[in-house]
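Have a look at the structure below before the remarks.
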Amino acid sequence: MPRIRMSDPVSRYELNSKLAVQDARLDAAMHQMLGIVTRMEQTCIDIRADNKAMEARFDARFLSIDAKFDRMDAKFDSIDSKFDSIEKKFSSLKTTMIVTGIGTALTVVFGVGSFNATLTSNMLAAFQVAASNQQHTRTSMAEPQAVRPPLASPQPAPPTDTEKIPPPEAPR
């Protein structure tokens, strides 16, 4: 390695002063860097404290949200059980409606059938009476019958002792 030669020798005094200036610059930069590091450390401490505070707030919020969800779950369970009971009631109502509908249909069918049977029976009886009257009229025209005297009206029964006879009304 070749030796470097200085053209101007520097005095010790100049060297010390230049070193002192460089040392002061380095100390200033070091103090500035220490200030920055101190501020960064303080910022990190503040951020950690804020994080802890936010964690506590979030934990409290999550606990309240969990409590709300628990209440909602309980309400949903209650609603679900109510829907189940309503569904059972509707199922029995559906059965009742079907049975009632079938009963009504049978009632209508049997009612119409009985009305039909009654009407047919009455019509048949009317035709039979008309036929017998017509036959009776033919025979009566063919053979005159003796005139019968009218039947006497029945006499009322005499009152008993237990019955009270009302007095006759006065003329007005």
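Residue-wise test of (1) over 60 Å from the mean Cα position of the chain (by Cα); (2) of a type in the set (D, E, K, R); (3) on the phi < 0 side of the Ramachandran plot; (4) surrounded by 10 or more Cβ atoms within 10 Å (Cβ to Cβ).
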position	(1), (2), (3), (4)
Q32	yes, no, yes, yes
I36	yes, no, yes, yes
Q42	no, no, yes, yes
D46	no, yes, yes, yes
D50	no, yes, yes, yes
E55	no, yes, yes, yes
A60	no, no, yes, yes
R71	no, yes, yes, yes
For this session: Could you tell me whether V10 is open to solvent by less than 90 Å² (accessible area, probe 1.4 Å), in a helix (DSSP H, G or I) and among the β-branched types (V, I, T)?
Result: no
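The values are calculated or read from the model by the stated rules, or taken from the named source; none is laboratory data. Model, not experiment: these values are computed from the prediction. Note that we place each Cβ from the backbone using ideal geometry, even for glycine, and neighbour counts take in every protein chain shown. The area values use the complete protein model at the heavy-atom level, side chains included, leaving out ligands, DNA and RNA. Shrake-Rupley method; radii C 1.70, N 1.55, O 1.52, S 1.80 Å.
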